[in-house]
1. Given the C-alpha atoms of region 311-468, compute the convex hull and give its volume per residue in Å³.
2. Let a ≥ b ≥ c be the square roots of the eigenvalues of the Cα gyration tensor of region 201-250; is it rounded (a/c under 1.5), or, if not, prolate (a/b larger than b/c) or oblate?
3. Expressed in whole Å with the largest first, what are the equivalent ellipsoid semi-axes of region 299-342 derived from the C-alpha gyration tensor as the square root of 5 times each eigenvalue?
4. Over region 139-469, what is the mean sequence separation of C-alpha contacts under 8 Å (at least six apart), divided by residue count, expressed as relative contact order in percent?
5. Based only on other Cβ atoms within 10 Å, what is the fewest-to-most ordering of 345, 408, 164?
6. Checking the table 260/455; 157/407; 138/352; 138/245; 260/462 against a 18 Å threshold on Cα-Cα, which pairs fail?
7. Could you pull the Rg and Dmax for region 233-325, using just the Cα atoms, both in Å?
8. Just the number, please: Stokes-Einstein D of region 331-401 in µm²/s, Kirkwood Rh from C-alpha pairs, 37 °C, 0.692 mPa s.
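We did not get these values from a lab; they are worked out from the coordinates using the rules stated. Note that the structure is predicted; figures quoted are calculated from it, not measured. Reconstructed Cβ throughout: ideal geometry from the backbone, glycine too, with neighbour counts over all protein chains shown.
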Amino acid sequence: MEQDQGGSRQPAGSFSFVSNNGTPLRPGTPNTDRNPFGDDRIEPQPQQAGGLNPFASPSVSRPASSFGSSSALGGAPRGQRYFHSRRVKKDEVEKPWLAKADPKEKWVTILPILGILVGLGISGFLIWDGIHSVVKHKYCMVLEDNFDSFNTNVWTKEVQVGGFGNGEFEQTTNTEENVYIEDGRLFIKPTLQDAALINKDNVINLLKDGSCTSTKWSDCVAATNTTTGNATIVPPTRSGRINTKKGATIKYGRVEVVAKMPQGDWLWPAIWMLPVEETYGPWPASGEIDILESRGNNRSYAQGGNNIASSTLHWGPDVDNDAWWRTNVKREASHTTYSAGFNTFGLEWSQKYLFTYINSRLLQVLYTNFDEPLWDRGNFPAANSNGTRLVDPWSQTGRDNTPFDQKFYLILNVAVGGTNGWFEDSKSGKPWLDSSPNAKKDFWNAQDTWLPTWKSPAMEVKKVSMWQQCDGNEEL
């Protein structure tokens, strides 16, 4: 150890710091009287040769701008000058475009504004023209039925066993078992056929008791034959079908039916219309308007169950040339089914258009414009499958909407099964084949699979309304 000039002794390798007024500082004590960056070049005095300040930053590790900068806490800078911005002052910036304006520059603003104004004007005109062009018809009430009772002056219960051209599996009856009023609602409910009529040889002859509403023998007589190898049976179910042919018809107008669809496999509910007279020939030459068709199967059914509503127009020169597929639209219920509650199924029909809707005229299902003859729209072949020449039954009227230019009546029914393809073969466990002579019997024998699904098999109807278009040019 060596003795310093003042005679005091310090350990070797230690340092002593002295403030400006000569007061010694303890090691590690910040010196607030000096520039923390060391700009004033004050170095601590080593107490032995080769001593260094451990707190001083080496000059090579510091940026030049830190010396004498405003962040330093020491006095006036020494050596290094303050940093000065070389930015041009505001008044010194040259703006030549202010001296002489380009005369074309104003159009950069004017042209977009003019474009916006013209666009708004055109949009406003199109909206006005669209609203102005909508035909507003006058309507006169024809029927408003809230079903306080069953009005036989309006409604007819159809009684048949022939399957209505679709190979349906129900016998429609005129009994309150299948069509009845309860709590202000109309119920059309399918039920099982009497097993005794199927298990033994029997005949249902509606001509004998005079109850048949058809003039065709096949529509009025059905039989069960239990002979070995014979699968003929009477219809395996019963149901209801009613129409307004006797009491309410319209030629152009509106129809609304507030109803809840049935729930149960292989049920086929429908709200539809047929012509009062077959003016242009047998079905489908005189037309058919299906406002609503659905299926009672649940939503997992491959073709769509009670979550799907379908609207269709049937029209064509013969059965083999029905152009229904050109005018068929389906709509799916939103997050529900049509058997979960009541919906309004509607039709608006005029000389120029026809559309169906659900709950609101804005929620259209099928829309058809009568802007060309239906014969041209159908693009039918020159002859049918057996070589018979097809003849246009409509265009001679001079009306584009023929055959939908005659009086029609309303039908409500719940069918069961069928062999016309409404329920496709091999879809979701269908227990019969359309082409099989055993179709009805196979269906009957599979009742353990489908009867438990008939949780709510009836179509419930709250209200039916029909209006005739009465502008004065309907040619009624």
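1. Working: hull volume 25.7 nm³, N = 158.
So the per-residue Cα hull volume is 162 Å³.
2. On the way: a/c = 3.46, a/b = 2.39, b/c = 1.44.
It is prolate, given that a/c is not under 1.5 and a/b is the larger ratio.
3. They are 27, 10, 8 Å, listed from largest to smallest.
4. Averaging sequence separation for qualifying contacts and normalising by length gives 27 percent for region 139-469.
5. Values: 345 22, 408 25, 164 18.
The order, fewest Cβ neighbours first, is 164, 345, 408.
6. Numbers: 260/455 13 Å; 157/407 20 Å; 138/352 15 Å; 138/245 23 Å; 260/462 8 Å.
In this structure, 157/407; 138/245 lie more than 18 Å apart at Cα.
7. 15.2, 42
8. Numbers: Rh = 15.1 Å.
In µm²/s, the coefficient rounds to 217.
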